[in-house]
Structure formats: C-alpha cells, structure tokens
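The values are calculated or read from the model by the stated rules, or taken from the named source; none is laboratory data. The structure presented is a predicted model; accordingly, all values stated were derived computationally and were not measured. Cβ placement follows ideal geometry from the backbone for every residue including glycine, while neighbour counts extend to all protein chains displayed.
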Amino acid sequence: MNRDWVEKDFYKVLGVSKTSSADQIKKAYRKLAQQYHPDANPGDGTAEERFKDISEAYATLSDPEQRTEYDQVRQMVDSGGFRGFGTPGGAGGFGAGGQRIRMEDLSDLLGGMGGASGGLEDLFGFGGRSQSGPQRGADLATELHLSFEDAITGVTTSVAVQGEASCRTCRGSGAEPGTGVETCPVCGGSGMTAQSQGFFSMTQPCRNCSGSGRIVQQPCHTCGGRGTEVRSRTLNVKIPAGVRNGATIRLKGKGSPGRNGGPAGDLLVKTHVAPHPVLKRKGDDITVRVPVTFTEATLGAQIDVPTLNGSVRLKVPPGTKSGKTFRMRGRGVSRARGRSGDLLATVEVVVPTKLSRDAKKALQDFHDKFESDENPRAHLKV
C-alpha cells in the first residue's frame, strides 16, 4: 500500500466526488494537467508539485483495481482506523482503539511472521494477491497461417503450442502414479493458516503444504510434483468466418493449466492471411478487377465474375467506361451476425496490343466514319 493513499485525498486533488465516473475523472485530470503542466508554468515550483499530485491521483483513480483498494483504505481513514498516521510526532504511525503503531514497527512485525510478506494488504484484507490460493494459468501465444479462402469462410484446423501443460505422467496431480494426494491436515486444504499477534489476526500461507492445501506422498518423477511440464502440443481450433490478417483470436481455457484449482489461461492465436491471386478484401467486401474488351464495353455483354463460391454472371451495360464498379449484394464476407459484405467488381477495358492488318484497317475505317467528328479532349482546352 502506498503511504500517500492514507495521507492524500485523491478525489479532492482532482476536484471530483467519490462517485464520479471514469470519464469524469479523466476530464478533470486533463483540465488540471493542462493548467499546471511544467511546460505551461516554466520555473514555477508550486505548479510543478501540483502537477505531480494530479498525476499521482489520476494514476490511482484511473485504474479500476487500484481505485477499489484506495477507496477501502480511505474508508478506514475516515472511520478512524489510521488515526495519527503521519502527524507531527507520530513517526508515521496509525492507531486502532487508541493504540498507536509505527509503520516501521509494523514492517518488522510482518517480516517476523514467517513469510507473511503481503504487507498491509494482507493484514487488513484488501487488495491482497495471495500466491497460495487458486491461481489462473498463464496465457500462451502461437501463430496460424491461413489461406484467403479459409479466413473468409472460417475453418477448423490445428495449431502447435509450446508451453506449460498438464503433466502426462501424473495427469496434473503432481503425484507419482500409484501414490496418493492427501488434504493438508494443518490448513484443512485451504492453503492458509491464521496467526494472532496482539490485537491483529493475520493469515499466511501454510508452511506444511507451502500454500497448496495438499500433501503429495511421492512427487511425480516427470514434473517434480508441480503437475505441469513444458512441452509442445497440438490443439484443434475453430477459426470464425471473416477473420482479418493480423487479428488475434483468444481461445478461453486453452493456455497453461491453473494452480491450486485455478482456471487455465487462454491461448492467443495471431493470424496471418495469405493474399489471393485475384480477389482482395476491403472491410467486409470482396473486390475484383475484371478485364473486358473494347467491344464488350461498347456494345454491352454478359461476363463471368469469379467469387469464392464459383463464378457469377454480371451484365455489363452498353457504353460502360473503364473503371466502373458494380456491386453484387451479399457476395462478400459472411458474418454470423449482421449483413454480409458485397462483391465489388471493377471492369477494366483492355486495349489490344497486337492487331492484324485487317483489324487495323477496320478500326481506322470505324474512326474515320464514326469518330472523326468527336474530340474526347475538347474539355481540356484552356
């Protein structure tokens, strides 16, 4: 616990109430930080100290977990649980029921309790993060390479994972096969024991079972009694339709196993989507560029457009210009919820580069007869 939590009212520092929302706290901090920032007050020591107090207050109140712990501390302060803390002549002490204890003495007291090193958080029961109770397993990370088609439609595949996993020899019990695991007789399986010191009642990890709540008769020869081992394993994962390149998918409970009955961690799968030779993605839409001949663009035509599910027919109206984009509803990325994306087909008029003598003469005759009076660049004259 930070000493300033007892001495300072961070809500008063920011000028907000204890019931203020996170957005209200942020708004108050930004306003004060801009007012007292050292760059805006060069050489002003008072403003600099004020800015430090504002930053400290916001750092605590903007973190939901720290704010909860701070509120609990302040509740004890308001109720008199820390009378005399930091007062002149008080040597940084606090009192309960009129008795005063110095912070230094309390630190010595905690240090002499045989491992009760949690500090004031464990002493008073707020903010404690005991390492003896159920602990969540660590998250693991891996990468997955997908084809363009699989990323769009979704796929069930396998990924390789390297990290802590349940021991294959003891199946996570920590005990050598054929031997048993007993409930710790000292703590009754809770992993914690209570110890009185004056008017304090403190809890600490059980020494008999090292806080696990269990006694392993004979530790597993593979994992040494931990119940886990570091190894590679292969997991089947279901990739949802429409996953994007670079997206990270969180698979609950597929990470490292928890300890002392805690839940397993998660598996974070980062996806890498290979490009498609013809199709591209734009949000939830699929785009494709479709070449058409001069004749098709001029006279109109029915052409085939590729999609992920075969080709579809597109009607190109007569006189279509190169670069015209046609939208085909519902032919894009499918979504489990909401409307699917579309297919955007952009036509490109292809100019022939190799013409026979007869073809060249026919085009020249066409130009002389039908295009000689038209100048497509007339609007460029200045």
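Whenever a residue of the stretch 140-157 is under 25 Å from Ser232 (Cα atoms), its partners that are small (Gly, Ala, Ser) and in a strand (DSSP E or B), lying with C-beta atoms within less than 8 angstrom and at least six residues away or across chains, give the pairs Leu140/Gly163; Thr142/Ala160.
For the stretch 168-197, which positions are over 15 Å from Ser212 (Cβ atoms), under 31 Å from the mean Cα position of the chain (by Cα) and either in contact (Cβ under 8 Å) with a residue 40 or more places away in the chain or assigned to a strand (DSSP E or B) (or both)? Let's see the steps before the verdict.
Kept after step one, since they are over 15 Å from Ser212 (Cβ atoms), are these residues of the stretch 168-197: 168-169, 171, 176-179, 194-197.
Adding the requirement that they be under 31 Å from the mean Cα position of the chain (by Cα) leaves 168, 171.
Hit for the stretch 168-197 is Arg168, nothing else.
Output the residue which, of all residues in the stretch 211-222 that are at pLDDT 85 or above and under 28 Å from Lys252 (Cβ atoms), is farthest from the chain's Cα centre (by Cα). So the residue we want is Cys220. Name every residue in the stretch 8-46 that is without any contact (Cβ under 8 Å) to a residue 12 or more places away in the chain, surrounded by 15 or more Cβ atoms within 10 Å (Cβ to Cβ) and of a type in the set (Gly, Ala, Ser), in order of residue number. Selection gives Ser20 alone. Of the residues that make up the stretch 374-382, is at least one surrounded by 10 or more Cβ atoms within 10 Å (Cβ to Cβ), touching a residue at least 12 places away in the same chain (Cβ under 8 Å) and farther than 30 Å from Glu149 by Cβ? Within the stretch 374-382 (the criterion being surrounded by 10 or more Cβ atoms within 10 Å (Cβ to Cβ), touching a residue at least 12 places away in the same chain (Cβ under 8 Å) and farther than 30 Å from Glu149 by Cβ), the answer is no, since none of the residues qualifies. Looking for something touching a helix residue (DSSP H, G or I) at 6+ places or on another chain (Cβ under 9 Å) and of a type in the set (D, E, K, R) - is there at least one such residue anywhere in the stretch 356-378? No, the stretch 356-378 has no match at all. Taken over the stretch 260-283, the residue count meeting the criterion of being surrounded by fewer than 13 Cβ atoms within 10 Å (Cβ to Cβ) and free of Cβ contacts under 8 Å to residues at least 12 places away in the same chain is 1.
Looking at the stretch 332-364, which of the residues that are assigned to a loop (DSSP other than H, G, I, E, B) and among the hydrophobic types (A, V, I, L, M, F, W, C) is modelled with the lowest pLDDT?
Initially, the stretch 332-364 is screened for residues assigned to a loop (DSSP other than H, G, I, E, B), giving 332-342, 351-356.
Retained after the next criterion (residues that are among the hydrophobic types (A, V, I, L, M, F, W, C)): 333, 336, 351, 355.
Values: Val333: 89, Ala336: 62, Val351: 88, Leu355: 87.
Applying the filter and picking the extreme gives Ala336.
Inspect the stretch 223-241 for any residue being in a loop (DSSP other than H, G, I, E, B), within 30 Å of Arg339 (Cβ to Cβ) and modelled with pLDDT of 85 or more and give the result as yes or no. Checked the stretch 223-241: at least one residue is in a loop (DSSP other than H, G, I, E, B), within 30 Å of Arg339 (Cβ to Cβ) and modelled with pLDDT of 85 or more.
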